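Report on the following structure.
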Amino acid sequence: MNKNDLIAQVAAKAEMSKSDVTNVIDSTLEIIGKSLKKGTDVRLVGFGTFYLTSRKASQGRNPRTGEAITIAASKVPKFKAGKALKDSVN
């Protein structure tokens, strides 16, 4: 399922226009992103938790030249499914 499929199904189920649903989904994703950027976890009870982890700097190799390079430390967004979501797919 892609974003357009999700919008169409939510619009049909909620009896809303696709443009209204698009605004809601876009706003939700934007708010989740901003919260993670601030370092705040987003917990949706029954669905799951979006959170950040830190990735340490590491050494890598340029596959084309074989030259050693340093890969910078970064923050990585992750998602952990909640119990209700896990139970619904099993």
Q. If you check PHE50, PHE79, which single one turns out to be touching a Leu at 6+ places or on another chain (Cβ under 7 Å) and at pLDDT 95 or above?
A. PHE50
Q) Which residue out of LEU36, LEU44, LEU29, LEU85 is surrounded by 10 or more Cβ atoms within 10 Å (Cβ to Cβ) and either touching a Pro at 6+ places or on another chain (Cβ under 9 Å) or of a type in the set (S, T, N, Q) (or both)? A) LEU36
**Q.** Count of residues meeting criterion [part of a loop (DSSP other than H, G, I, E, B) and under 20 Å from the mean Cα position of the chain (by Cα)] in segment 47-90
**A.** 3
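The values are calculated or read from the model by the stated rules, or taken from the named source; none is laboratory data. Because the structure is a prediction, the values reported are computed rather than measured. Don't worry about glycine lacking a Cβ; one is built from the backbone with ideal geometry, like all the others, and counts go over all protein chains shown.
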